[in-house]
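Contents: one structure, followed by commentary.
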Amino acid sequence: MEIVCRFFGIRPSFSIEFIAAVTSLPLFDLTGMAHAYFENISMTVSKALTQLDISQNSLASVPSAALKTLHQLLILNINHNKITTIHKKAFEGLDTLEILTLYENKISVIESDAFRGLDKRKLKRLNLGGNELLHIPTSSLSSLDMLKKLEMQENRISVIKEGDFEGLKHLDSLGLAHNQLNEIPARAFSHLTLLNSLELEGNQIIRVDPDAFIGLEENLQYLKLGDNNLHTVPSDALRRLHRLRHLDLRANNISNLLEDSFTGYGDSITFLNLQKNMIKILPPLVFESLNSLEILNLQNNKLMHIPEDVTENIVDTLKLLDITVSETRSRTNSTSSSSSNTSSYSSSSSDSTSSRTNTADEDNPLLCDCELHWFTIWLSNLREKDEEIMSKKRTVCTMLQEHREYLVQKMPLQKLGCIKSKNPERALSTSFTVRKTYSPIFILIVLLLIWSFSK
């Protein structure tokens, strides 16, 4: 059981006996203490202390003198202070420190020997996020060769270049989100050969060099490029990433996808987020290489149609497909159809929604037509596999002639305008299966005929 002693924003007067008692605890929290009181108490803190929180103390510098005797300290939290510079040997004496977090100070300068005195074999995580850094402090970081996680989000970094991360050869996770980057240059991460996760969302990136990810080929699995200014999928750069599993491209300005946008690196991708772009058309073979895809998010684009051939190669592996942001809409806008409507389907209040005047302008304006029939079948099969997921899905489409929205999963195939049949669902389901099975055979026959005539 962990025992914790915390003092929040008070200015106490301690007896020697009290200080001796509380400072023998393994975790000592001095959040919000006045700096002078912190200095006095820290000088008596037990050398067996393993965790220390001195956040929100208005500290203007790292209190090195008060920390240097804490030879068993594992975790040090100096978040939310007013530190502007990390001076030379600021953490000298902290031989066992594994986690150091300096989030949301005002740090703009990190001297080259700032981390000298730390055991570089011990420090695993360093958080420098929420500060005022203008560039990567390479000279001070390069000695931390056993660092696993480096967080530098929410700074003012506008440029990164080859060599910035030299020396961080064991880094597993790098966070550069919410900076001011507008380009990822060639070989920017070439020294990070073990990197597994790279966060670049929330910048102003308009270009990713084709050689940007050299060095990351064998280990990068998670890449976040959302909330930038990309106009196309940076396929040339991504094709190096043979083990990529999670690709987030949400909230960019991508308007067109090419048939080879994911070719050459999509085999292992299980999660693809294209939400909040400007995509109007999905080319027939755009997802052909995504053989492992489980989650696809296409919300908030400009799609009116999603033909069957677009999803033919991913429909068997998909577990979640988000097309419209409609769970809230369908609850708030759901209304009963006019009593004058003789259709038994239209009269169901749970199946139809009000006209699009109250819907989000940025959502996909899907049309209720036969091109959605594959989706109704897929939803039906998904319902049998995962009722919990289905209970949350509320995908809608619009019937233009009625100026009304309908829930796709409850839409009869006859109303979609598909070929009529005594059992249309079975007919279409069979067609869906036959097409996947016999298309290759048909192609083979055509090729054989061409070959025989050419002899």
Legend entry - Within-9-Å neighbourhood charge of N105 [Cβ basis; K, R +1; D, E -1]: 0
Inset, instruction - List S143, S255 from most exposed to least, where exposure is judged by having the fewest other Cβ atoms within 10 Å. - result: S255, S143
Inset, instruction - Between Y222 and Q414, with labels modelled 7 Å along Cα→Cβ, what's the label distance in nm to one decimal, could you check? - result: 5.0
Inset, instruction - Among T96, T270, rank each residue by its count of other Cβ atoms within 10 Å, from fewest to most, as a rough exposure measure. - result: T96, T270
Inset, instruction - List, in order, the whole-Hz ³J(HN,Hα) value for each residue of segment 95-108 obtained from phi through the Karplus relation with A = 6.51, B = -1.76, C = 1.60 and θ = phi - 60°; use x for Gly and Pro. - result: 5, 10, 4, 10, 10, 10, 10, 10, 5, 6, 10, 10, 5, 10
Inset, instruction - Show the residues, 5+ positions off or on another chain, whose built amide H is closer than 5 Å to the amide H of E111. - result: I86
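Could you sort out which of K302/K410; K169/K302; K149/K276 sit more than 32 Å apart by Cα distance in this structure?
Details: K302/K410 23 Å; K169/K302 43 Å; K149/K276 29 Å.
Beyond 32 Å: K169/K302.
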Legend entry - Which of C370, C397, C418 has the fewest Cβ neighbours within 10 Å, and the rest in rising order: C370, C418, C397
Inset, instruction - Work out how much length K302 to D209 would gain on full extension: take 0.36 nm times their residue separation and subtract the Cα-Cα distance, in nm to one decimal. - result: 30.7 nm
Inset, instruction - Could you work out how far the C-alpha centroid of segment 285-310 sits from that of segment 181-218, in angstrom? - result: 25
Legend entry - Inter-part distance where segment 124-148 and segment 261-277 are each reduced to a Cα centre, Å: 30
Inset, instruction - Report the extension gain between S255 and T232 in nm, rounded to one decimal, defined as 0.36 nm multiplied by the number of residues separating them, less their alpha carbon distance. - result: 7.6 nm
Inset, instruction - Between L134 and R187, take the C-beta separation as r, use R0 = 35 Å, and let me know the FRET efficiency to the nearest 0.05. - result: 0.95
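For the pairs K122/K319; K68/K106; K89/K224; K148/K224, flag any whose C-alpha to C-alpha distance is greater than 30 Å. Kindly include the intermediate steps, with their values, before the conclusion.
Details: K122/K319 41 Å; K68/K106 23 Å; K89/K224 34 Å; K148/K224 18 Å.
Distance filter (> 30 Å) returns K122/K319; K89/K224.
All of the numbers you see were taken from the coordinates with simple rules; none came from a lab. This is a predicted model, so every value here is computed, not measured. Cβ sites come from the backbone with ideal geometry, for glycine too, and all protein chains shown count toward neighbours.
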